[in-house]
Amino acid sequence: MNIKTTMRFPTKNILSAIGFRSSVLTADSRKPIAALAFSCLFSTMLVMPSQVSAQTKMTPAKIDALKTELTKEIDKQQKFTQEMVDMVFSFGELGFQEVETSKYLTDILQKNGFVIEQGISGVPTAWTAKWGSGKPIIAVGSDIDCIPKASQKPGVSYHDPIIEGAPGHGEGHNSGQPLNITAVLALKKIMEREKIPGTIMLWPGVAEEQLGTKAYYVRDGYFKDVDACIFTHVANNMSVSYGDAGNNGMVSALFSFEGQASHAGAAPWRGKSALDAVELTNIAWNYHREHMETTQRSHYVIKDGGDQPNVVPSKASVWYYFRERTYPKIMQMYKDGIKIAEGAAQMTDTKMTYEVLGSAWPGHFNQPMAEAMYENIKAVGLPKWTEADQTLAKAAQKEMGNPEGATVESNGLATTLSPLAKPTATSSSGGGGSDDIADISWNLPTIVLRYPANIPGLPGHHWANAIAMATPIAHKGVTAGAKVEAMTLLDLFVKPEVIKNAKTYFTDVQTKDVKYTPIISKTDKPAIHLNEKIMQEFRPEMKKYYYDPAKYPTYLEQLGIKYPTLRDTKTEGTGK
Ligand SMILES: [Zn+2]
């Protein structure tokens, strides 16, 4: 037993990680030093003070004309947008393993004059792509990872995986970067012609499902000089919010136990079961739930429960997400989790170690930027859905046990815009999921554009959420979202008051009383080994289904799917 060495709960920052694999430590060393130095130098040159110019001021009529031009240009790019959405969908890569996705996206950006820095924060699939010069510097991001076991044929209203058991875009993270790229390339043309100063920095949310990277990007200084950030996330309406987003922040932590193996039949008394420690941890946590606030969410999966029943498990591990509404409450939950795991180790005479695998603050978004964006949302509106789009949406909703008219969210695709979402009071929030974009939002003015590329009323993190994601629903939603984003970026570049007001809100309202304290420590490293084995298992088979736009106009056509494909009307949906 070695409890003392695991008692590492600090006063402020968290608990540095223990026992990282050597692959974590060597991630950066794979990159040639010269290339690194060059890219660092180059990215510094992009924002050298000598190149910083005052923001351009334009007349409202001129801005309107440019916005009209942007929407026309983005409409012209619909084929290009559709190819990107379909391509990333077909890659279906899990967090930290977004190798094909990142290569594909950065190739497009590089060809279009962006300067790429690969492997940021020691994450091989993370990057920044910069274009332009001087201030302001606007960051544009979106997640790129997918969901385990969510493989699904697009355009099919019932469960029909492309590959059984394989990962798939069961959230829709295949659509955000195509949206960003469409928007910034349209804007870049105008900025070049009109000589609008400023720098655009694209970046990916790698391993968002593990809350795995954004706090590291912040800690490692990639957003240090950035003036504002627009993030995009798939949704089923076009919306933006400001203030407290009403969601939870969280810590993701792995507790590993080490005991002693023995013959479970012949000499069980010689064994010390690491699995017993995992089970006792979970039992204690589930008793502890009764005494926790209703805003908390906590869940776990047993990552290692031993090998076979006749060997007392010498190693076992359990992976927890601890979610709460505020930083102090998140840290309290984490502290309680550590204490319980230590108690389980004591009871079983095993040794416990723990490490942080991810983290996120609760979100808070910028009011002046959200208000500017909402004007553009009203101007663009929702896509025009066809009969086929609505038929697929309603069939998927019915399949998920949510038939038409049963709930507000079960009547097909959205046809009226969401209002500008107001802040949620901490006291009235019920808690919920998390997104590490929040760590960026507490360091610089940030908003999230939610765009209508998916079907309302689905379970989330599920194969059903992949149904729409390589169909005209996603394609049109991304095109509409790209227009809103491009118009809002233009506002940020040519209306100096928007960024000025955004900064005032950030300092005088958002961070007046609440100060950001990183959940990760200075020495924690991104858990880049996550999902390695799953992708190794499925990638060879998945490669056969990568989209080939040279041969097929759409991914639906490549897969031979009639749009929409519905369950035989004689058979009722079972929602399997
Ligand atoms: Zn997401």
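Taking the condition closer than 18 Å to residue 452 by Cα and either of a type outside the set (Gly, Ala, Ser) or assigned to a helix (DSSP H, G or I) (or both), does residue 89 pass? So residue 89 passes the test. Within the stretch 184-200, none of the residues are in contact with a Cys (Cβ under 6 Å, 6 or more places away or on another chain) and modelled with pLDDT of 95 or more. On inspection, residue 568 qualifies as of a type in the set (Asp, Glu), out of contact with any strand residue (DSSP E or B) (no Cβ under 9 Å at 6 or more places or on another chain) and not in a helix (DSSP H, G or I). When residue 194 is tested against the conditions (1) farther than 30 Å from residue 471 by Cβ; (2) in contact with a helix residue (DSSP H, G or I) (Cβ under 7 Å, 6 or more places away or on another chain), the lone failure is (2). What about residue 487, is it of a type outside the set (Gly, Ala, Ser), in contact with a Phe, Trp or Tyr (Cβ under 6 Å, 6 or more places away or on another chain) and crowded, with 24+ Cβ neighbours inside 10 Å? It is false that residue 487 is of a type outside the set (Gly, Ala, Ser), in contact with a Phe, Trp or Tyr (Cβ under 6 Å, 6 or more places away or on another chain) and crowded, with 24+ Cβ neighbours inside 10 Å. With respect to the conditions (1) within 16 Å of the ligand (Cβ to nearest atom); (2) in contact with a Phe, Trp or Tyr (Cβ under 7 Å, 6 or more places away or on another chain), residue 299 lacks only one, and its number is (1). Of the residues making up the stretch 65-74, none is in contact with a Pro (Cβ under 9 Å, 6 or more places away or on another chain) and either closer than 30 Å to residue 533 by Cβ or hydroxyl-bearing (Ser, Thr, Tyr) (or both).
If only residues of the stretch 203-227 that are under 16 Å from residue 131 (Cα atoms) and buried (at least 24 other Cβ atoms within 10 Å of the Cβ) are counted, the one that is farthest from the ligand (Cβ to nearest atom) is 203.
Every condition in (1) more than 16 Å from the ligand (Cβ to nearest atom); (2) assigned to a helix (DSSP H, G or I) is met by residue 179 except one, and the failing one is (1).
Selection over the stretch 153-194 of residues that are surrounded by fewer than 24 Cβ atoms within 10 Å (Cβ to Cβ), aliphatic (A, V, I, L, M) and within 24 Å of the chain's Cα centre (by Cα) gives a count of 4. Candidates are the residues of the stretch 127-152 that are under 21 Å from residue 473 (Cα atoms) and assigned to a loop (DSSP other than H, G, I, E, B); the one that is farthest from the chain's Cα centre (by Cα) is 152. Residues that are away from the ligand (no atom under 16 Å from the Cβ) and assigned to a loop (DSSP other than H, G, I, E, B) within the stretch 92-124 comprise 97, 112, 113, 114, 119, 123, 124, listed in sequence order.
Residues checked against (1) touching a residue at least 12 places away in the same chain (Cβ under 8 Å); (2) hydroxyl-bearing (Ser, Thr, Tyr); (3) outside the structural domain of residue 252 (by TED's automatic domain parsing):
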| residue | (1), (2), (3) |
| --- | --- |
| 381 | yes, no, yes |
| 395 | yes, no, yes |
| 405 | no, no, yes |
| 409 | yes, no, yes |
| 416 | yes, yes, yes |
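Okay, residues lined up against (1) over 26 Å from residue 89 (Cα atoms); (2) touching a helix residue (DSSP H, G or I) at 6+ places or on another chain (Cβ under 8 Å):
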{"residue": "480", "(1), (2)": "no, yes"}
{"residue": "517", "(1), (2)": "yes, yes"}
{"residue": "523", "(1), (2)": "yes, no"}
{"residue": "530", "(1), (2)": "no, yes"}
{"residue": "544", "(1), (2)": "no, no"}
{"residue": "547", "(1), (2)": "no, yes"}
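From the set of residues in the stretch 228-238 that are away from the ligand (no atom under 14 Å from the Cβ) and surrounded by 22 or more Cβ atoms within 10 Å (Cβ to Cβ), which is nearest to residue 472 (Cα to Cα)? The extreme case among them is 238. Only residues that are more than 19 Å from residue 140 (Cβ to Cβ), of a type in the set (Val, Ile, Thr) and assigned to a helix (DSSP H, G or I) were counted across the stretch 364-392, and they come to 1.
Out of all the residues in the stretch 161-176, which are in contact (Cβ under 8 Å) with a residue 24 or more places away in the chain, assigned to a loop (DSSP other than H, G, I, E, B) and out of contact with any strand residue (DSSP E or B) (no Cβ under 6 Å at 6 or more places or on another chain)? Within the stretch 161-176, 161, 162, 163, 165, 166, 167, 169, 174 qualify. Within the stretch 251-274, does at least one residue satisfy the condition of being in the same structural domain as residue 480 (by TED's automatic domain parsing), small (Gly, Ala, Ser) and within 16 Å of the ligand (Cβ to nearest atom)? Within the stretch 251-274, not a single residue is in the same structural domain as residue 480 (by TED's automatic domain parsing), small (Gly, Ala, Ser) and within 16 Å of the ligand (Cβ to nearest atom).
Regarding residue 148, is this residue within 16 Å of the ligand (Cβ to nearest atom) and surrounded by fewer than 24 Cβ atoms within 10 Å (Cβ to Cβ)?
yes
Selection of the stretch 226-247 for residues being outside any strand (DSSP E or B) and at pLDDT 95 or above yields 226, 227, 236, 237, 238, 240, 242.
For every residue, the table says whether it meets (1) more than 24 Å from residue 415 (Cα to Cα); (2) within 21 Å of the chain's Cα centre (by Cα); (3) touching a residue at least 12 places away in the same chain (Cβ under 8 Å).
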{"residue": "445", "(1), (2), (3)": "yes, yes, yes"}
{"residue": "448", "(1), (2), (3)": "no, yes, yes"}
{"residue": "464", "(1), (2), (3)": "no, yes, yes"}
{"residue": "480", "(1), (2), (3)": "no, yes, yes"}
{"residue": "493", "(1), (2), (3)": "yes, no, yes"}
{"residue": "507", "(1), (2), (3)": "yes, no, no"}
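The values are calculated or read from the model by the stated rules, or taken from the named source; none is laboratory data. This one's a predicted model, so the numbers in the text were calculated from it and none came from an experiment. Note that we place each Cβ from the backbone using ideal geometry, even for glycine, and neighbour counts take in every protein chain shown.
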